[in-house]
1. From the P(r) of the range B:1-66, could you give the percentage of C-alpha pairs in the tail past 13 Å?
2. When you look at the Cβ of every residue in B:224-232, what mean number of other chain Cβ atoms sits within 10 Å?
3. Give the whole-number value, in cubic angstrom per residue, of the convex hull volume spanned by the C-alpha atoms of chain A.
4. Once you have all Cα-Cα distances for the range A:135-258, histogram them in 5 Å bins from zero and send the whole-percent values.
5. About its Cα centre, what dipole magnitude does the range A:1-127 give when the only charges are +1 on Lys and Arg Cβ and -1 on Asp and Glu Cβ, stated in debye to the nearest 20?
6. Could you give the nm distance between label points at A:Ser45 and A:Met83, where each point is 7 Å from its Cα heading toward the beta carbon?
7. For chain B, give me every cysteine whose Cβ has no other Cys Cβ within less than 4.7 Å, ordered by residue number.
8. Given a Förster distance of 35 angstrom, what is the FRET efficiency for B:Ser14 paired with B:Asp49, based on the Cβ-Cβ distance and rounded to 0.05?
Amino acid sequence: MYTAKHAMLYKHKVHDAEAYVFYMDIRAGGKGYDEFVRRAIEEDSVNYIRGRVSRVYERNGKLIVHGADTLLGAQQVEIEADMVVLATAGISNPGSEELAQKLHISYDKYRFFSEAHPKLRPVETNTGGIFLAGACQSPKDIPDTVSQASAAASKVLALFSRDELTREPVIAVVNRTAPPLFSTCAGCFMCETACPYHAIEREEIKTRDGKVIRSVARVNPGLCQGCGTCVAFCKSKSIDLQGYSNEQVYAEVLELLS
Amino acid sequence: MQALHQKVKELLESGKVQVVIGYGEGSGGKSRPVFIRSAADAAKLVWDDRCHQNLAVYINKPEIKKMGKAAIVAHPAAVRTIVQMIAEHQLSSGAIIVLAVENDTLEELTDNSSLEVYAQSHPVLFPPFVVKEIEDIAALSAAERFEFWQNELEKCFKCYACRAACPLCYCERCIVECNQPQWVSVPSHAQGNFEWHMNRAMHLAGRCVSCGSCTIACPAGIPIGLLTIEASRIARTEFGFEPGISCDASSAMSSFRNEDKETFIQ
Amino acid sequence: MENTFEPKIVAYVCNWCTYAGADLTGTSRIKYAANVRIVRFPCTGRIDYNLLLKALALGADGIIVSGCHPNDCHYTSGNFHARRRWIVFKQMMEYMGYDMRRVKFSWVSAAEGAKWADIVNTTVREIRELGPAQRIQNEEFRMMNSEG
């Protein structure tokens with residue numbers, strides 16, 4: 001897409017110049033995209049040549065581009081160019097993997113971020129409160145980016161339009177007990193590494209004068225999706241999953257087998 | 001030992017630490033843990049081949065914490081334990097001075113990286129009788145193993161000395177004290193004992209540094225250390241996870257790899 | 001003589017894949033053995049190994065644990081964590097001498113109704129051949145839980 005635009009802009013600035021584009025496939029998906037490429041070819045007379053470039057070398061201060069025109073029976077093409085532009089692929093940012101891991105959002109094998117559901121939740125991620133817009137999700141053009149960004153922004157607005165956040169009914173809770181323990185959580189934070197949603201936070205239990213007594217886990221109710229992985233990991237059984245609590249499932253098993 | 005006495009004297013005199021956790025002369029020719037609080041008592045410390053107990057278990061005891069900053073005499077397994085405790089957020093870095101001892105060598109370790117380097121270069125070696133026990137059990141058939149553990153665990157009367165001796169059993173409330181639901185049956189019948197030892201092994205999988213303190217502590221003489229050693233062996237062979245060598249390693253059980261084995265899953 | 005032993009089998013399944021898969025088995029009118037009692041969990045990651053121990057202690061002759069295929073977890077990684085836990089649990093139980101042929105682990109997706117029926121049927125057949133589960137002597141334990 002950007003190649004057609006480059007060629008077009010170049011022709012607008014330098015009227016007597018020639019622009020050639022070697023291509024194999026033009027994936028002109030989306031509204032008005034194919035028309036855009038046709039316009040570059042027909043109105044701005046950019047020369048599109050279907051074929052690969054085999055060689056680029058310098059001769060008398062010019063760059064000689066050797067290629068084949070496969071639509072004209074693999075005819076050899078030689079162009080004396082002043083400048084050669086390599087149209088590279090759109091790839092994800094090198095730091096995207098690290099960012100995705102930090103945010104606990106999923107990403108595909110090309111390191112583009114994945115949406116929670118391609119049809120039903122196209123701008124949300126698996127982590128509550130994190131939305132996607134633009135080329136971080138896949139290479140896209142400006143209209144697509146703007147529409148996705150608008151969708152993401154409206155999702156954020158919907159989140160803020162209410163005074164209270166709706167959370168999942170089934171979420172995990174770390175218990176709180178009377179002092180001096182405050183919680184039976186031992187603070188090993190195994191749950192923190194196990195949680196797919198980054199929903200486990202560290203809470204410092206302090207005395208009245210602000211001295212930290214101990215650090216225990218706390219589940220962020222807005223982020224927890226209720227998978228219960230932390231519950232099975234907890235050695236001291238200090239986390240429980242509402243709706244699937246240890247007591248409830250145990251009672252169920254007891255009843256089934258009695 | 002001379003060097004150890006000298007070092008402890010220095011640490012206490014300079015006020016760098018207020019207490020040193022170490023081994024002392026016990027009754028019946030055994031060693032026992034001692035807590036040295038004045039330089040004059042430094043000579044009470046001993047270090048020889050009777051000193052097996054993992055002293056790291058005392059680090060977080062409130063009584064010790066109250067005394068001030070501590071130094072600890074640690075054999076290689078205890079050093080690994082301390083590293084593991086740091087990785088599990090039970091000990092902040094630099095909170096304790098570790099006097100790592102092995103044979104005639106003494107090293108003072110204060111920061112995380114030196115602890116890691118020491119732990120990595122000093123493997124925990126099993127005494128020959130433990131190696132033999134491991135091999136003997138491995139040679140048994142499934143039915144014989146069942147028989148073996150049933151007979152051994154029958155002796156358990158759930159005193160939880162194994163739990164008290166283990167520095168990595170640090171939960172304020174243990175799963176056995178959880179009674180809603182009663183995960184581990186209270187009486188020491190075969191089922192309850194099985195549940196307790198299975199839980200202990202599962203909890204220590206990928207965490208047990210194989211110090212053997214639980215076996216030493218068991219008054220019934222059950223080789224319970226073998227269970228946690230086996231759990232850690234599984235974590236090592238299946239997940240390539242070695243406990244107690246990295247201060248910021250994630251735990252073996254709460255992490256995963258895409259290529260974890262699943263041949264047993266249909 | 002014909003084998004008349006009817007094993008009691010408990011199935012711990014995840015809500016999103018196997019539970020839906022078992023539902024599909026029903027709506028597809030595929031018949032399968034009625035020996036299985038299904039307990040639904042949000043995710044295989046929630047399934048505590050203690051529940052497996054308890055089921056065996058309370059008289060189950062076999063257990064099926066099933067969830068989403070790897071990479072299909074509704075919660076992205078619950079089944080990976082569960083898989084790691086099962087690897088250790090299975091080998092620990094074998095080390096203690098327990099016959100782990102009684103505990104089946106499987107991945108059944110929401111579309112695999114036929115696979116679910118197949119797994120239940122094979123498990124029932126195999127456990128029928130194995131006979132009632134070897135029990136750790138647990139009379140006191142049974143008495144304690146009998147009032148419920």
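1. Working: 1338 of 2145 pairs.
That tail contains 62 percent of the Cα-Cα pairs.
2. Neighbouring Cβ atoms belonging to other protein chains average 2 per residue here.
3. Details: hull volume 66.9 nm³, N = 258.
That works out to 259 Å³ per residue.
4. Pairs per bin, as whole percents: 2, 10, 14, 14, 13, 13, 11, 8, 6, 4, 3, 1, 0.
5. 340
6. About 2.1 nm separates the two model spin labels.
7. B:Cys51, B:Cys156, B:Cys159, B:Cys171, B:Cys174, B:Cys178, B:Cys208, B:Cys211, B:Cys218, B:Cys247
8. With R0 = 35 Å, the Cβ-Cβ based efficiency is 0.70.
No lab work stands behind these numbers, since they all come straight from the coordinates. Note that the structure is a prediction, hence the values are computed from the model and not measured. No Cβ is skipped: glycine too gets one built from the backbone with ideal geometry, and neighbour counts run over all protein chains shown.
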